[in-house]
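Each remark here refers to the structure printed beneath this line.
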Amino acid sequence: MSRTNFEQLLEAGCHFGHLKRKWNPAMAPYIFMERNGIHIIDLHRTVNNIEEAADALKQIAKSGKRILFVATKKQAKDIVAEKAASVGMPYVIERWPGGMLTNFPTIRKAVKKMANIDKLFADGTYDKLSKRENLQIRRKREKLEKNLGSIADLTRLPSALFVVDVMKENIAVHEANRLGIPVFAIVDTNSNPDNVDFVIPANDDATKSIEVILGACCDAIAEGLEERKAEKSDMEAANEQNEEVADAPKAKKPARRTRKNAKAEETTEAAVEEAAKEEATEAAE
């Protein structure tokens, strides 16, 4: 069953590209026609590419890996935050911190600093400071939260990047390319799709367009997470069953008939026969 269809994308305005004079020639395969000086995106290609991207995202989520969503433009920020949070994935909707991927250990230090501030606030250490010092620390904490709050749980590099507007997020795309992290992106007619692994040609300026595409992709991620959960439950049940079988009392095997035992049995039988003959002889006498 298709996650999106032509009509849904058409209603959301996914087909509207940029002015012809602003186009990037590398997007030519994804352009259907020109109308009134504006390029119209081929929505049939968009539907197919959404399906391919959604299937790949589902497999990544199913394997327990993380996908980092990036969108700092005003039209996409709230939608990305809502959709990514709904599937428990990290996201960046404020300024992209340069080196976030290529210099990940430094970013992790900043996240730990934020956690330490929270810990010291919780145990009352900062209550002993002056009002001014307390305020400065709180402002520093708020700044860290604004830039890094959504990636606080990201303990290792993400396995994929999902970007809205590759021109605006070109630094994030460049860092992902350097590290070999696959890039999924909504790409408009003014952008270069060459650095994107999974191109979703669509209007990246309209809120409805972004919402429809992100909704389809996040639904696929949710499916992957559910399948992972189901497989984990089945595995746990199978392990419990195996443990029960292993703990069950084993039936005793009959003693192995060794050569020594066989010889002892033959001697016993001979003694019994000899005794029986003696009894018979005595009775005859």
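Residues to consider are Arg108, Arg139; find the one that is over 26 Å from His174 (Cβ atoms), modelled with pLDDT of 85 or more and not polar (S, T, N, Q).
Only one candidate passes the filter, namely Arg139.
How about region 12-23: which of its residues are without any contact (Cβ under 8 Å) to a residue 40 or more places away in the chain and either in a helix (DSSP H, G or I) or β-branched (Val, Ile, Thr) (or both)?
Those that are without any contact (Cβ under 8 Å) to a residue 40 or more places away in the chain and either in a helix (DSSP H, G or I) or β-branched (Val, Ile, Thr) (or both): Lys20, Arg21.
Whether any residue in region 199-219 is touching a Pro at 6+ places or on another chain (Cβ under 7 Å), within 22 Å of Lys77 (Cα to Cα) and in contact (Cβ under 8 Å) with a residue 40 or more places away in the chain is what I want to check.
Taking every residue of region 199-219 in turn, at least one turns out to be touching a Pro at 6+ places or on another chain (Cβ under 7 Å), within 22 Å of Lys77 (Cα to Cα) and in contact (Cβ under 8 Å) with a residue 40 or more places away in the chain.
I'd like to check something: does region 54-62 contain any residue that is assigned to a helix (DSSP H, G or I), free of Cβ contacts under 8 Å to residues at least 24 places away in the same chain and either within 25 Å of Ile221 (Cα to Cα) or under 25 Å from the mean Cα position of the chain (by Cα) (or both)?
no
Condition test on Thr102, is it under 14 Å from Leu157 (Cβ atoms), part of a helix (DSSP H, G or I) and of a type in the set (Ser, Thr, Tyr)?
The answer is no for Thr102.
Answer yes if at least one residue in region 106-126 is polar (S, T, N, Q), under 30 Å from Ile181 (Cα atoms) and surrounded by 15 or more Cβ atoms within 10 Å (Cβ to Cβ), and no otherwise.
No, because not a single residue in region 106-126 is polar (S, T, N, Q), under 30 Å from Ile181 (Cα atoms) and surrounded by 15 or more Cβ atoms within 10 Å (Cβ to Cβ).
The values are calculated or read from the model by the stated rules, or taken from the named source; none is laboratory data. Worth saying up front: this structure is predicted, and the values here are computed from it rather than measured. In this analysis, Cβ positions are derived from the backbone assuming ideal geometry, glycine residues included, and neighbour counts consider all displayed protein chains.
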